[in-house]
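Notes for the one structure printed next.
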Amino acid sequence: KEVGLLDADIYGPSIPKMMNLKGNPELTPKNLMRPLKNYGIACMSMGFLVEETAPVVWRGLMVMSAVEKLLRQVDWGQLDYLVIDMPPGTGDVQLSVSQNVPIAGAVIISTPQDVALLDAHKGAEMFRKIHVPVLGLVQNMSVFQCPKCKHETHIFGADGVRDLAKTLGLDILGDIPLHVNIRETCDSGQPVVISQPQSDA
């Protein structure tokens, strides 16, 4: 399957670093940007268009225009799936993407603590309101296991996302532990599922 990954977090793009990609997109003869590719995944991000440490200080209309550009002015080729990584909340990016792309479904990712769950709940309700199917929830930073004694600690709470899933009538699609391997491989641009497929993470 051909997969594309669009980093729609205009203010804080992280996909370039996590996917170990640098540089500016090349242009096709039709003046479309070519996605940068690694691990077999075509990626596009605002991070390819600005300096790594440069802040993006834009108002809502400019953000929506940037999202539209990353969607429409890119030669994605023939994709089976386009995964769009959105920032938290229910702001301009979510509305712009939802209005411009026929979205097959949304996955809500949240840590289990109450503060994060409020945003996750709002996000799920927003997608429902604009008739985007919510496929389920993923609990991030679900548990920390001590590397020495293997004792498990639920730093952010144990079942917050599961409780929210029950409230919303949705499925839990998985848990992502709070694990040093995930942090290290994200920082080095080598996803843990590729660099350490046998890891507990």
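What to note about this one:
- Looking across R59, R34, one residue alone is surrounded by fewer than 15 Cβ atoms within 10 Å (Cβ to Cβ), over 20 Å from D187 (Cβ atoms) and either modelled with pLDDT under 95 or over 17 Å from the mean Cα position of the chain (by Cα) (or both). It is R59.
- Filtered residues of the range 40-72 (kept if more than 23 Å from L82 (Cβ to Cβ) and in contact with a Pro (Cβ under 8 Å, 6 or more places away or on another chain)): E52
- Taken over the range 175-201, the residue count meeting the criterion of being within 20 Å of V115 (Cα to Cα) and not aliphatic (A, V, I, L, M) is 2.
- In this structure, L95 does satisfy being surrounded by 14 or more Cβ atoms within 10 Å (Cβ to Cβ) and hydrophobic (A, V, I, L, M, F, W, C).
- Within the range 106-127, tally of residues that are within 18 Å of F144 (Cβ to Cβ) and touching a Gly at 6+ places or on another chain (Cβ under 9 Å): 5
- Residue check for P88: surrounded by 14 or more Cβ atoms within 10 Å (Cβ to Cβ), part of a loop (DSSP other than H, G, I, E, B), touching a helix residue (DSSP H, G or I) at 6+ places or on another chain (Cβ under 6 Å) and modelled with pLDDT of 95 or more: no
- If you check D175, D163 for being under 16 Å from the mean Cα position of the chain (by Cα), among the acidic types (D, E) and over 24 Å from P13 (Cβ atoms), only one passes: D175.
- Residue ID - surrounded by the fewest Cβ atoms within 10 Å (Cβ to Cβ), chosen from residues in the range 7-16 that are in contact with an Asp or Glu (Cβ under 7 Å, 6 or more places away or on another chain) and not in a loop (DSSP other than H, G, I, E, B): I15
- Qualifying residue in the range 38-51 (condition: in contact with a helix residue (DSSP H, G or I) (Cβ under 9 Å, 6 or more places away or on another chain), surrounded by 15 or more Cβ atoms within 10 Å (Cβ to Cβ) and among the hydroxyl-bearing types (S, T, Y)): yes
- Filtering D187, D159, D163, D114 for residues that are surrounded by fewer than 17 Cβ atoms within 10 Å (Cβ to Cβ), in contact (Cβ under 8 Å) with a residue 60 or more places away in the chain and of a type outside the set (A, V, I, L, M) leaves a single hit, D187.
- The one condition in (1) closer than 28 Å to L164 by Cβ; (2) among the small types (G, A, S); (3) part of a loop (DSSP other than H, G, I, E, B) that S96 fails to fulfil: (3)
The values are calculated or read from the model by the stated rules, or taken from the named source; none is laboratory data. This one's a predicted model, so the numbers in the text were calculated from it and none came from an experiment. No Cβ is skipped: glycine too gets one built from the backbone with ideal geometry, and neighbour counts run over all protein chains shown.
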